[in-house]
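Note sheet for the following structure.
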Amino acid sequence: MADIIQLLPDHVANQIAAGEVVQRPASVVKELLENAIDAGATTIKLIVKDAGKTLIQVIDNGKGMSATDARLSFERHATSKIRNAEDLFQLNTKGFRGEALASIAAIAHVELKTKQEDDELGTCIEIEGSEVKSQDVVVTPKGTSLAVKNLFFNIPARRNFLKSNAVELRHVIDEFHRVALAHPSITFSMFHNGSETFNLPESNYRQRIVNIFGTKTNEKLVPVEEATEVLTISGFVGKPEFAKKSRNEQFFFVNNRFIKSAYLNHAINSAFEGLLKDGAQPSYFLNLTVNPQTIDINIHPTKTEIKFDDEHTLYAILRSAVKHSLGQFNIAPVLDFER
Ligand code: ADP
Ligand code: MG
């Protein structure tokens, strides 16, 4: 019998990977913002058109790339962030899979402009569906600009499945908020269809929350601080009387990375037990810092799920820290007493 197995060409492999990494415009926003942060940017600008369907551009003032790296950055598994398997257990960067740019370039029209501080001139590369169209030397400021146009141009099924602009924009803004909340010391701005939708100057955490969610948020924030050997918690919960039905003010960050965790969410709910009206959801903005060796982020390409070594301990510490804060601020301690 003849042999029938073949290695897939790179552009096909990239397109398959893209299916996992890039679900919608917001996924591109997340990847590009994270790359800007990993590059040490202090100012990051996000520009979108038509909710990201026609344009997503991120401009940063980070360290930029050499001409060779600029070209390599679009190869799959090409990364400057890890060197070996051990590095996976001490991650200090958002990225490490070296897949995002390769995936995005497989399913969109991409233009990269980048320059390192000491270089006179920068590099401009255009790629369409994994195919390099041009590479030139350009005048460009220090840092990187990555523009992603016509997302899913070569995958009509995906393009057709995108939701309305209103829905896609909501996802884009959610991603923008998550990244901006995790990094209050970075200046962020966002423009949609030519107008500025967010302008977030460098600030502290409380101020960043208020800048995003409105001045009224300030009075409802109760600080939560806890430091143990396994876990440091810092951030805020909302006073119970301000709780609304919606869950759009619930944020966990683990080592500056937004994550979803039904289990930890449960810990918060249980700390609020007896304090909330029916159906009301607690607000929380909590940063957990743990030893990177005690977590595994590599369980899903989008990295919003994390595996903790000792979930039960985290649960208990979190619950008691939140309870303590609510008690300290004299929030209906009687209720606990009655139980
Ligand atoms: P990863 O972030 O997992 O390394 P990416 O595909 O997102 O993979 O990026 C590949 C590489 O390109 C990065 O490791 C980094 O060296 C470089 N890079 C990407 N975006 C930027 C940027 N905004 N500034 C500087 N370097 C960047
Ligand atoms: Mg990346």
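The values are calculated or read from the model by the stated rules, or taken from the named source; none is laboratory data. This is a predicted model, so every value here is computed, not measured. Backbone-built Cβ (ideal geometry, glycine too); neighbour counts: all protein chains shown.
Which ones in segment 199-218 are outside any helix (DSSP H, G or I) and in contact with a Ser or Thr (Cβ under 6 Å, 6 or more places away or on another chain)? Correct list: Asn199, Pro201, Glu202.
Of the residues making up segment 59-74, those that are outside any helix (DSSP H, G or I) and either in contact (Cβ under 8 Å) with a residue 40 or more places away in the chain or not assigned by TED's automatic domain parsing to the domain that holds His109 (or both) are Ile59, Asp60, Asn61, Gly62, Lys63, Gly64, Met65, Ser66, Phe74. If you go through segment 240-258 and keep only what is crowded, with 17+ Cβ neighbours inside 10 Å and more than 18 Å from the chain's Cα centre (by Cα), you end up with Pro240, Ala243. Of everything in segment 78-94 that's of a type in the set (A, V, I, L, M, F, W, C) and modelled with pLDDT of 85 or more, which residue is farthest from ligand 2 (Cβ to nearest atom)? Here the answer is Ala85.
For segment 33-55, name all the residues that are more than 7 Å from ligand 1 (Cβ to nearest atom), within 21 Å of Glu126 (Cβ to Cβ) and either in a helix (DSSP H, G or I) or not aliphatic (A, V, I, L, M) (or both). The answer is Lys45, Lys49, Asp50, Gly52, Lys53, Thr54.
Each row is one residue, and each column tells you yes or no for (1) surrounded by fewer than 22 Cβ atoms within 10 Å (Cβ to Cβ); (2) in contact with a helix residue (DSSP H, G or I) (Cβ under 6 Å, 6 or more places away or on another chain).
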{"position": "Gln15", "(1), (2)": "yes, yes"}
{"position": "Ala18", "(1), (2)": "no, yes"}
{"position": "Leu32", "(1), (2)": "no, no"}
{"position": "Ala39", "(1), (2)": "yes, no"}
{"position": "Ile44", "(1), (2)": "no, yes"}
{"position": "Asn61", "(1), (2)": "yes, no"}
{"position": "Gly64", "(1), (2)": "no, no"}
{"position": "Thr68", "(1), (2)": "yes, no"}
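Here's the yes/no breakdown for (1) of a type outside the set (S, T, N, Q); (2) at pLDDT 95 or above; (3) not in a loop (DSSP other than H, G, I, E, B):
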position	(1), (2), (3)
Asp3	yes, no, no
Ala18	yes, no, yes
Gln57	no, yes, yes
Val110	yes, yes, yes
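Can you confirm whether Thr302 is in a loop (DSSP other than H, G, I, E, B) and either under 23 Å from Glu31 (Cα atoms) or not assigned by TED's automatic domain parsing to the domain that holds Lys323 (or both)? Considered against the rule, which asks whether it is in a loop (DSSP other than H, G, I, E, B) and either under 23 Å from Glu31 (Cα atoms) or not assigned by TED's automatic domain parsing to the domain that holds Lys323 (or both), Thr302 comes out as yes. With the structure loaded, tell me whether Arg97 is of a type in the set (D, E, K, R), under 19 Å from the mean Cα position of the chain (by Cα) and either surrounded by fewer than 24 Cβ atoms within 10 Å (Cβ to Cβ) or more than 13 Å from ligand 2 (Cβ to nearest atom) (or both) or whether it fails that test. Yes.
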